[in-house]
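Report on one structure; see the data block that follows.
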Amino acid sequence: MNGTSTIVIAGLGSKEAVLLSRCLHQHYSVYVATNAVDVVELLDKHPVDLLLCQHVEHSFDAINILYKARTSHPEVIRLIAGDLNKENKQKAVNEAAVYQFISNDWTVIQVELLVNRALENKELSYRHRHLSRELKMTEKALIRHQHKELIDVKSTRFEQLIFSSPNMATLCNLAKKAAATELPILIQGETGTGKELMARGIHFNSKRNDRPLLVHNCGGMSDDLLHSELFGHKRGAFTGAISDRMGLFPAADGGTVFLDEISDVSPTFQVSLLRFLQEGEVKPLGSDQIIKCDVRIIAACNQPLDVLISKGKFRQDLFYRLNGFQLNIPPLRKRTSDIEVLTNFLAQKFSAEFNRSIRGISPDLIDKFTLYSWPGNVRELENEIKRMIAMTDNGNFLTEEHLSPHIASLKPTVKSKNPLIELNGQTLKDKVAELEELLIREALGRLRWNQSKTAAELGLSRVGLSNKIKRYSIGDNSPVA
């Protein structure tokens, strides 16, 4: 497991440096720096947890080095050794924000003890921040849940999910029914569609809403690190495990754990997760104790698991365990009627956050938004609105003026109230063919001739779309009706 803490020591004599690094190297990755330049290079190159410098008057200015480290790498714990007068001590505290002073007559045992305690406190601070953040989000959601009369309940929101489209209304009604059960839930949808918001809505509409909801992204994590984060570990279970860590499953006992990017979990860890879902038991790394956990799992992925199962990348039995209820969130391009309500909601939200006064949104802007395919979904829409608000003067409307170039360049299609009126075909077959050509041209133009996206949107295969393009002689520069 890549959990070893990294330490840099600097300013020590060669004998002391060798002695101390040899001792600390038993438990940590240790690097020795001989000058300030080496310290900067090591901080930039490695994920350093602790920097220990010995101050030597007129020779090695540890205070200045620690001050620069505080600015460039504030997360690094800073220790200082050496004979410091009162003025230098005050400077070390005020400017370098050192964690601890070490006397000049230090011993290896003293330093090792201080380093252990400093890193333990860092670990505790990390856990405290993590749990505090979740607690604040839980408190806000509970307050919102207890004061429903203050929330617009016109079937256009599910907790923090905003919508007006029929397909999202149907999905959220299903989610409410799923929330009332104890079954695990699998949420599938493209990146940025709001899978975590859906999970939070389910939790806060469930019987577990008085217990914690803990969130973890499984993407890009090793098996050992995932095991430590979810099941926990005991002190000394591996190099760098300087304190016990309670995993998310025991910490969320009685509540809910949302596992995002579940499709990235390795086949080996899938076995461990399957066992937990079957038995409700966890075994922390380095421990013989079995801990019972009553946790509801909500899992999410941005690619269909059935495809991964067919490729042998995901266990079918784990899929069945996770798939008590399956909720498929449609991409924003499949629910364009949500764009206007989302734009209004997000504009109000971010203008308040940025302390800006926005008078409203121009209809032409909404028209442009509905032309765009939004590959990044609601998250991309959020970023676009944030950018526009930042560029719009107080008291003005949000208009096309500050749109991103790739959206501003989109050309609206000419639509009639009844497209059949303008079809020239004589027979029904001719009219259907003409309408099919019209729809294909419109989709290709709107999606900038991305044939994969166009085929997916129209429910065609790539080959099927290609054949129709040839049949109707549609070229890249053909006009869009």
Checked N377, N302, N323 against criteria (within 15 Å of E190 (Cα to Cα) and touching a strand residue (DSSP E or B) at 6+ places or on another chain (Cβ under 8 Å)); the one match is N302
Next on the checklist: On the basis of being in a loop (DSSP other than H, G, I, E, B), surrounded by 12 or more Cβ atoms within 10 Å (Cβ to Cβ) and either at pLDDT below 80 or of a type in the set (S, T, Y) (or both), does S478 make the cut?
Outcome noted: yes
Within region 131-187, residues modelled with pLDDT of 90 or more and among the basic types (K, R) come out as K176, K177
Of the residues in region 31-60, those that are without any contact (Cβ under 8 Å) to a residue 60 or more places away in the chain, buried (at least 18 other Cβ atoms within 10 Å of the Cβ) and within 22 Å of S125 (Cβ to Cβ) come to L43, V48, L51, C53
Listed by first then second residue, the pairs whose first member lies in region 242-265 and is assigned to a loop (DSSP other than H, G, I, E, B), whose partner is of a type in the set (V, I, T), with beta carbons under 9 Å and at least 6 positions apart or on separate chains, are G247/V282; G247/I291; A252/V295; D253/I291; D253/V295; G254/V295; G255/T138; G255/V295
Can you confirm whether Q90 is in a helix (DSSP H, G or I) and closer than 17 Å to L12 by Cα? no
Matching residues in region 170-188 (open to solvent by less than 10 Å² (accessible area, probe 1.4 Å) and either hydroxyl-bearing (S, T, Y) or touching a residue at least 40 places away in the same chain (Cβ under 8 Å) (or both)) number 5
Listed by range, helices (runs of 4 or more DSSP H) wholly within region 308-386 having at least 2 residues that are aromatic (F, W, Y), at negative phi and touching a residue at least 12 places away in the same chain (Cβ under 8 Å) are 337-353
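If you take the residues in region 73-90 that are open to solvent by less than 70 Å² (accessible area, probe 1.4 Å) and not aliphatic (A, V, I, L, M), which one is nearest to the chain's Cα centre (by Cα)?
The selected residue is H73.
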Expected output for region 103-132 (first residue open to solvent by less than 50 Å² (accessible area, probe 1.4 Å), partner part of a helix (DSSP H, G or I) and modelled with pLDDT of 85 or more, Cβ below 7 Å, 6+ apart or cross-chain) is V108/L19; V108/L20; V108/C23; V111/L20; E112/C23; E112/L24; V115/L24
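The values are calculated or read from the model by the stated rules, or taken from the named source; none is laboratory data. Quick caveat, the model's predicted, so the values are computed rather than measured. So basically every Cβ, Gly included, is an ideal-geometry build from the backbone, and we count neighbours across all protein chains shown. Accessible surface is based on the protein model in full, side chains and every heavy atom, while ligands, DNA and RNA are left aside. Shrake-Rupley method; radii C 1.70, N 1.55, O 1.52, S 1.80 Å.
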